[in-house]
1. Does region 24-75 come out rounded, prolate or oblate by the C-alpha gyration tensor, with a ≥ b ≥ c the root eigenvalues, rounded set by a/c under 1.5 and, if not, prolate when a/b is larger than b/c and oblate if not?
2. When the chain is treated as a GNM, springs tying every alpha-carbon pair under 10 Å, which of 36, 45, 58 comes out with the largest mean-square fluctuation?
3. Once the piece of chain linking residue 1 and residue 59 is laid out straight, how much longer is it, given 0.36 nm per residue of separation minus the C-alpha distance between them?
4. Relative to the first principal axis of the alpha-carbon coordinates of the chain, what is the inclination of helix 52-73, with its axis defined by its Cα atoms, in degrees from 0 to 90 and to the nearest 10?
5. Label-point separation (nm) for residue 74 and residue 29, each offset 7 Å from Cα along Cα-to-Cβ?
6. Just in the chain: which GluC sites (Glu not before Pro) are loop by DSSP and have at most 16 other Cβ atoms within 10 Å?
7. Using Cα atoms only, what is the angle between the long axis of helix 2-12 and the major principal axis of the chain, expressed in degrees (0 to 90) to the nearest 10?
Amino acid sequence: MVAAAELAVRLHALNGLWPGVTINVGRLDGGGAVNVVPGLAVCRVNVRTTEANDEARVAAKLGELVADFRRRDAV
């Protein structure tokens with residue numbers, strides 16, 4: 001959940017990077033009992049663009065963020 005929360009903050013920080021692109025973190029899910037480390041966390045995101053070519057830029061940036069987390073959290 002901490003990684004999902006960190007990802008949400010990093011995704012939100014992308015707003016303003018490209019004109020006409022809005023990134024909204026809509027929901028974080030995961031966990032259960034407060035004394036158990038969750039095995040899964042889900043971060044639901046909505047991306048809106050005004051230009052079709054912005055989709056590729058956003059997708060590439062999302063890929064970079066995911067790769068950063070995978071490298072950092074590799075066991």
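Every read-out reported here was derived from the displayed coordinates using simple, explicitly stated rules and does not represent laboratory data. Only a predicted model underlies this, so the values are computations on that prediction, with no experimental measurement involved. Counting neighbours? That spans all protein chains shown, and the Cβs are built from the backbone with ideal geometry, glycine included.
1. Note, shape of region 24-75 comes out oblate.
2. Taking springs between Cα atoms under 10 Å, the residue moving most is 36.
3. Net length gain for the segment: 18.6 nm.
4. With rounding to tens, the tilt is 30 degrees.
5. 3.0 nm
6. Passing both the DSSP loop test and the Cβ count: 51.
7. It is inclined by approximately 10 degrees.
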